[in-house]
Amino acid sequence: MRMLEVILFLVILTTTGGILFVKPNRRLDIVFLLSVVLVMLLHGTINHFRIQMVPSYAVALVLIIVLIYRLIKSNSKPKSQSIPKSLLKKSFVSILVLIFIGTSAYLSFLLPVFTMPKPTGNYGIGTVSAHLTDESRAKTLSTSPDDKREIMVNVWYPVDQKDIKGKTVEHYPSELGEAISLVFNIPKQLFTHLSQVPTHVVQGAKISTAESKYPVLLFSPGVRSTRFQSLTTIEELVSHGYIVVGLDHPYTSAKVTFPDGRSIFYKPDTKSMTASELYKHNIGNVGIRVADISFLLDTLTKWNKKDPNALLQGKLDLERIGMFGHSYGGATTAKA
């Protein structure tokens, strides 16, 4: 839970208590109103709003409306009401506000905007993404023979710390939240906060010249997942002098988004299958992924000779190359 979120909780509780239990005072109402509005603006600007905090936002909005109404009607005579009824209402409202605040606090604790561990190596981390098309293979699950197999890759590579000092780091992409949503069948809106998590990666930074070339590791994610799923591990490896190339496999990755805005989502086989049929189905999918790896290796070989971005040329030590993956990616690794 972040500091401004805690401050927002405290301001809401203090303002609620002031409205319910303190004699109406115009100056105090102005202070309460400005406090709620200011903290909400700071929170939205610095932390950014997130769905876990919606119950608290609702209370804050009600407080703003009540305070504005009180300020407008501050010169009118207050209505008389019996003390027992007033206390009952105040108690009910207090409990309701505590429930809303407690719900936000629990959800924020359960699904936090966390801080990634700092990589222990000496290198900083740069990245570039690339959209690759294998003209030798037809696009999976397409009815048009003209459609070719496309993949998206990210290359994470070592950079000198001095070259990225003060530069803006990348945040976790939305694909990660969508992958978690797909795996656990939970609304993806609950994971939009992941795009607020800063990484240690800088887009397009110059590759380090500390070594003439660097060993290469390929990464294949699990089914219904994304090439960004193991970013902590990737950052750690790159910080110690590895170039890591992660790729998404369309139709078995959760979501693959291309530069032109097109997206390919995970495509489950909806029909029921026997164990032997499922085995053959998985073997087929792994085979497609292995072909992706083969195509990627050919592409890396070309980039090492002539990189169109003039970034990786001559920097890929393809004599020292390895691969790792998770779940389906592990099977892909073993087969490749």
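The values are calculated or read from the model by the stated rules, or taken from the named source; none is laboratory data. Just so we're clear, the structure is a prediction, and the values are computed from it rather than from any experiment. Heads up, the Cβs are rebuilt from the backbone with ideal geometry, glycines too, and the neighbour counts pull from every protein chain shown.
Exactly one of these conditions fails for Leu182: (1) touching an Asp or Glu at 6+ places or on another chain (Cβ under 7 Å); (2) at pLDDT below 95. Give me its number.
The number of the failed condition is (1).
So Lys267 fits all but one of (1) more than 28 Å from Gln203 (Cβ to Cβ); (2) touching a residue at least 12 places away in the same chain (Cβ under 8 Å); (3) not hydroxyl-bearing (Ser, Thr, Tyr); (4) not in a loop (DSSP other than H, G, I, E, B); what number is the exception?
All conditions pass for Lys267, except number (4).
Only residues that are touching a residue at least 12 places away in the same chain (Cβ under 8 Å), part of a loop (DSSP other than H, G, I, E, B) and more than 14 Å from Thr209 (Cβ to Cβ): list them for the range 306-328, please.
Within the range 306-328, Asn309, His326, Ser327 qualify.
Just to be sure, is Gly261 under 19 Å from the mean Cα position of the chain (by Cα) and surrounded by fewer than 23 Cβ atoms within 10 Å (Cβ to Cβ)?
yes
Name, by its number, the condition in (1) within 29 Å of Gly287 (Cα to Cα); (2) assigned to a loop (DSSP other than H, G, I, E, B); (3) not aromatic (Phe, Trp, Tyr) that does not hold for Val153.
All conditions are met except number (2).
Per-residue answers, yes or no, for (1) in contact with an Asp or Glu (Cβ under 7 Å, 6 or more places away or on another chain); (2) part of a helix (DSSP H, G or I); (3) modelled with pLDDT of 95 or more; (4) not acidic (Asp, Glu):
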{"residue": "Ser86", "(1), (2), (3), (4)": "no, yes, no, yes"}
{"residue": "Lys89", "(1), (2), (3), (4)": "no, yes, no, yes"}
{"residue": "Leu96", "(1), (2), (3), (4)": "no, yes, yes, yes"}
{"residue": "Ser104", "(1), (2), (3), (4)": "no, yes, yes, yes"}
{"residue": "Thr133", "(1), (2), (3), (4)": "yes, no, yes, yes"}
{"residue": "Ser142", "(1), (2), (3), (4)": "no, no, no, yes"}
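Quick check on my filter: what residues within the range 185-205 are in contact with an Asp or Glu (Cβ under 9 Å, 6 or more places away or on another chain) and either of a type in the set (Phe, Trp, Tyr) or not in a strand (DSSP E or B) (or both)? Outline the logic, then answer.
To start, the set of residues in the range 185-205 that are in contact with an Asp or Glu (Cβ under 9 Å, 6 or more places away or on another chain) comprises 188, 191, 198-203, 205.
Within the range 185-205, Lys188, Phe191, Thr199, His200, Ala205 meet the criteria.
Residue check: is Arg227 assigned by TED's automatic domain parsing to the domain that holds Lys165, assigned to a loop (DSSP other than H, G, I, E, B), basic (Lys, Arg) and crowded, with 21+ Cβ neighbours inside 10 Å?
Taking the combined requirement at face value, the residue satisfies it.
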